[in-house]
1. Restricting the search to segment 88-117, which residues are surrounded by fewer than 14 Cβ atoms within 10 Å (Cβ to Cβ) and on the phi > 0 side of the Ramachandran plot?
2. Mind counting the residues in segment 1-29 that are part of a loop (DSSP other than H, G, I, E, B) and not charged (D, E, K, R)?
3. For residues in segment 89-109 being over 17 Å from Leu18 (Cα atoms) and not in a loop (DSSP other than H, G, I, E, B), which is nearest to the chain's Cα centre (by Cα)?
4. Somewhere in segment 75-87, is a residue in a loop (DSSP other than H, G, I, E, B) and exposed (fewer than 15 other Cβ atoms within 10 Å of the Cβ)?
5. Examine segment 55-62 for a residue that is within 25 Å of Trp7 (Cβ to Cβ), among the β-branched types (Val, Ile, Thr), touching a Leu at 6+ places or on another chain (Cβ under 7 Å) and modelled with pLDDT of 95 or more, and state whether such a residue exists.
6. Could you please let me know if Phe52 is out of contact with any strand residue (DSSP E or B) (no Cβ under 8 Å at 6 or more places or on another chain) and buried (at least 16 other Cβ atoms within 10 Å of the Cβ)?
7. Can you pull out the residues in segment 30-74 that are among the basic types (Lys, Arg) and assigned to a loop (DSSP other than H, G, I, E, B)?
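The values are calculated or read from the model by the stated rules, or taken from the named source; none is laboratory data. For clarity, every value in this text was computed on a predicted model and none was experimentally measured. As a convention, Cβ positions derive from the backbone with ideal geometry for all residues, glycine included, and neighbour counts pool all protein chains shown.
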Amino acid sequence: MASSWNWLVVDCAEPRRLAEFWSRVLEFKILEEDAESVAVGLDEGTYPKILFLRVPEPKNGKNRLHLDLTPDDQAAEVERLLALGARHVDIGQGEQPWVVLADPEGNEFCVLRGEGA
């Protein structure tokens, strides 16, 4: 029997700040919140969801897991994400057709070219 993917858990310093960023990026809603965590998703009954969990230690080094986003228009999406608080990062990727960005806490993610690009 296969497993179902329900949650992605992201350790962070400021759960609300990161949840707001990613909810705007993915057009998710904030579903649950307490002092130590914030959950986002499309709605209560749809998975996967993302849980931003407060931890005391800072991010250290390159992510071992990251999200790849595939927009219709890569350049326009990169500009939108930068306006939301993302920033360009160099993780040694060199010249590639994707763009590497980091969220407000430094978690790297990629913006790929759309299928028609």
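1. Across segment 88-117, the qualifying residues are Gly92, Gly94.
2. 8
3. So the residue we want is Val100.
4. Scanning segment 75-87 turns up no residue that is in a loop (DSSP other than H, G, I, E, B) and exposed (fewer than 15 other Cβ atoms within 10 Å of the Cβ).
5. Taking every residue of segment 55-62 in turn, none turns out to be within 25 Å of Trp7 (Cβ to Cβ), among the β-branched types (Val, Ile, Thr), touching a Leu at 6+ places or on another chain (Cβ under 7 Å) and modelled with pLDDT of 95 or more.
6. Taking the combined requirement at face value, the residue does not satisfy it.
7. Residues satisfying the conditions are Lys59, Lys62, Arg64.
Here is a yes/no grid of residues against (1) of a type outside the set (Val, Ile, Thr); (2) surrounded by fewer than 11 Cβ atoms within 10 Å (Cβ to Cβ):
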{"residue": "Pro15", "(1), (2)": "yes, no"}
{"residue": "Glu27", "(1), (2)": "yes, yes"}
{"residue": "Ile30", "(1), (2)": "no, no"}
{"residue": "Gly41", "(1), (2)": "yes, no"}
{"residue": "Pro48", "(1), (2)": "yes, no"}
{"residue": "Leu65", "(1), (2)": "yes, yes"}
